[in-house]
Amino acid sequence: MNAVLQNNAATAMTLEGVSKLYGPVKALDNVSFELRKGEFLTMLGPSGSGKTTSLRAIAGFIQPTAGRLLIDGRDMTGVPPQKRNIGMMFQDYALFPHMTVLENIGYPLETRGIKRAEREKRGMEMLEIVGLAHCATRYPKEMSGGQQQRVALARALVFKPDIVLLDEPMAALDKKLRGQMQIEIMHITRQVGATVVSVTHDQEEALVMSDRIAIFKDGRLEQIGSPHELYQQPRSEFVADFIGEANLLHGKTRVMPDGVVVEGDGWNVSLPKDDPQGQALTATNTACVVLRPERIRAVAAGSPGGNAGEGVIEDKIYLGVEYRLVVRMNDGGKVNIRSRDVAAIAGMKAGDRIGMAWAPEDIVIIGA
Ligand code: ADP
Ligand code: MG
């Protein structure tokens, strides 16, 4: 999807300070975000972080303890599920076993009072889109897992809902099929211009399918952004660690005449004074540095200078496309490096001292 267009897209749904309490448990804690028309948003977070509760609140199966939910600008907070124009694909698909594929897909149209001929026409159109036109008269049990999922998706899309909700869409599929269905679902929902909210605990699934990802932790929205934004600009250690692979180094800050240094035992990060990240650090004593494994250069031990570190190689692993090094720092912490610099690494071995270098622009600082 075109990122510029998407940023200007109209708002499909707004959550305003939505909370849900179950006794003392804050399943959702003051969650606010906007969903744009036509976007694929994934709610990502560990088990128990509030993803399903959010989805159920959007669908109307549960009522928030506090906050508001607007769909297309209208307050839908107290409106029952059947009065919201929302499509849902459940984890187990929930297809009707006694109905054919075409009857299953036509069902949401039937409940909306649409006549049989029109139901069959629109059902067949959806079956074409999901590539199952040849299966119209089969029953669900005669279909594979991936095919059943596409039927469930067709049924969730056939009445052109304002929003389609997918709860752990890949949960019932084996690993190999997952990768394939992620791409297919992404293509199908984009082809029909659907606005989608999906839920997963699988980082890769979120990265593959989403325009934006909302990261949940303990019922709170930690951060929302495009996969690229979350990777490049994580605002917390949790997000840095959850999206991609991150080395998190905790150090002390020191303000110098020409900049700010974050340093630990045997490593330092030095940021110029005019760097906004550096400026933000002048008021703190400690900080966390996010170093991505592919952004660290392996250099000879004893190379002096700023933006560098040193340690002992604990493991050196050859993965064909790259080397992976695990380096033990002086303070006992580990740093992972991924490198394709064969010339630099070929001669190094476990037990050797190694130097590391990085560029200030590759560093993300999380104030502590
Ligand atoms: P996720 O889908 O991210 O795994 P949930 O939204 O299902 O998380 O749950 C968030 C928190 O709310 C968890 O601590 C869970 O135990 C609690 N919770 C969810 N539903 C209920 C319920 N019906 N009654 C009591 N606690 C619940
Ligand atoms: Mg869940």
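The values are calculated or read from the model by the stated rules, or taken from the named source; none is laboratory data. Only a predicted model underlies this, so the values are computations on that prediction, with no experimental measurement involved. In this analysis, Cβ positions are derived from the backbone assuming ideal geometry, glycine residues included, and neighbour counts consider all displayed protein chains. The area values use the complete protein model at the heavy-atom level, side chains included, leaving out ligands, DNA and RNA. Shrake-Rupley method; radii C 1.70, N 1.55, O 1.52, S 1.80 Å.
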- prompt: With 229, 237 as the choices, which residue is of a type in the set (D, E, K, R), open to solvent by 60 Å² or more (accessible area, probe 1.4 Å) and within 14 Å of the chain's Cα centre (by Cα)?
  reply: 229
query: Looking only at the range 116-148, which residues are out of contact with any Phe, Trp or Tyr (no Cβ under 6 Å at 6 or more places or on another chain) and among the polar types (S, T, N, Q)?
result: 137, 144, 147
query: Does the range 341-355 contain at least one residue that is within 25 Å of residue 242 (Cα to Cα), assigned to a strand (DSSP E or B) and either in contact with a strand residue (DSSP E or B) (Cβ under 7 Å, 6 or more places away or on another chain) or not assigned by TED's automatic domain parsing to the domain that holds residue 254 (or both)?
result: no
message: Can you tell me how many residues within the range 324-349 are among the small types (Gly, Ala, Ser) and open to solvent by 80 Å² or more (accessible area, probe 1.4 Å)?
response: 1
query: For the range 264-288, which residues satisfy the criterion of being modelled with pLDDT of 90 or more and under 28 Å from the mean Cα position of the chain (by Cα)?
result: 287, 288
- request: Return yes when residue 291 is open to solvent by less than 10 Å² (accessible area, probe 1.4 Å), under 17 Å from residue 366 (Cβ atoms) and modelled with pLDDT of 95 or more and no when it is not.
  value: yes
query: So which residues in the range 70-86 are open to solvent by less than 10 Å² (accessible area, probe 1.4 Å) and either under 28 Å from residue 228 (Cα atoms) or within 16 Å of ligand 1 (Cβ to nearest atom) (or both), if there are any at all?
result: 71
task: Please indicate, with yes or no, whether at least one residue in the range 15-28 is within 16 Å of ligand 2 (Cβ to nearest atom), surrounded by fewer than 21 Cβ atoms within 10 Å (Cβ to Cβ) and farther than 16 Å from residue 220 by Cα.
output: no
Matching residues in the range 350-368 - criterion: being charged (D, E, K, R), in contact (Cβ under 8 Å) with a residue 24 or more places away in the chain and open to solvent by 60 Å² or more (accessible area, probe 1.4 Å): 353
field: Any hit, the range 50-62, residues being exposed (fewer than 15 other Cβ atoms within 10 Å of the Cβ) and either within 15 Å of ligand 1 (Cβ to nearest atom) or within 24 Å of the chain's Cα centre (by Cα) (or both)
entry: yes
field: Residue under evaluation residue 321, criteria (1) under 16 Å from residue 354 (Cα atoms); (2) aliphatic (A, V, I, L, M); (3) surrounded by fewer than 20 Cβ atoms within 10 Å (Cβ to Cβ), criterion not met
entry: (1)
Number of positions in the range 19-49 that are within 12 Å of ligand 1 (Cβ to nearest atom) and closer than 25 Å to residue 82 by Cβ: 7
task: Residues being open to solvent by 50 Å² or more (accessible area, probe 1.4 Å) and over 24 Å from residue 116 (Cα atoms): count how many of those fall in the range 134-159.
output: 1
- prompt: For the range 197-222, how many residues meet the condition of being outside any helix (DSSP H, G or I), under 12 Å from residue 45 (Cβ atoms) and open to solvent by 10 Å² or more (accessible area, probe 1.4 Å)?
  reply: 7
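The rows are residues; the columns are (1) under 23 Å from residue 19 (Cβ atoms); (2) of a type in the set (Val, Ile, Thr).
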| position | (1), (2) |
| --- | --- |
| 180 | no, no |
| 184 | no, no |
| 189 | no, yes |
| 199 | yes, yes |
| 221 | yes, no |
| 238 | yes, no |
| 242 | yes, no |
| 245 | no, no |
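A quick yes/no check of all residues on (1) in contact with a helix residue (DSSP H, G or I) (Cβ under 7 Å, 6 or more places away or on another chain); (2) free of Cβ contacts under 8 Å to residues at least 24 places away in the same chain; (3) within 27 Å of residue 128 (Cα to Cα):
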{"position": "14", "(1), (2), (3)": "no, no, no"}
{"position": "17", "(1), (2), (3)": "no, no, no"}
{"position": "21", "(1), (2), (3)": "no, no, no"}
{"position": "46", "(1), (2), (3)": "no, no, no"}
{"position": "56", "(1), (2), (3)": "no, yes, no"}
{"position": "69", "(1), (2), (3)": "yes, no, no"}
{"position": "92", "(1), (2), (3)": "no, no, yes"}
{"position": "102", "(1), (2), (3)": "yes, no, yes"}
{"position": "108", "(1), (2), (3)": "yes, no, yes"}
query: Which residues, taken from the range 160-194, are assigned to a loop (DSSP other than H, G, I, E, B) and surrounded by 21 or more Cβ atoms within 10 Å (Cβ to Cβ)?
result: 169, 170, 194
task: From the list 175, 273, 217, pick out the single residue that is in the same structural domain as residue 324 (by TED's automatic domain parsing) and of a type in the set (Lys, Arg).
output: 273
- prompt: Just to be sure, is residue 89 within 16 Å of ligand 1 (Cβ to nearest atom) and either under 24 Å from residue 193 (Cβ atoms) or in contact with a Ser or Thr (Cβ under 8 Å, 6 or more places away or on another chain) (or both)?
  reply: yes
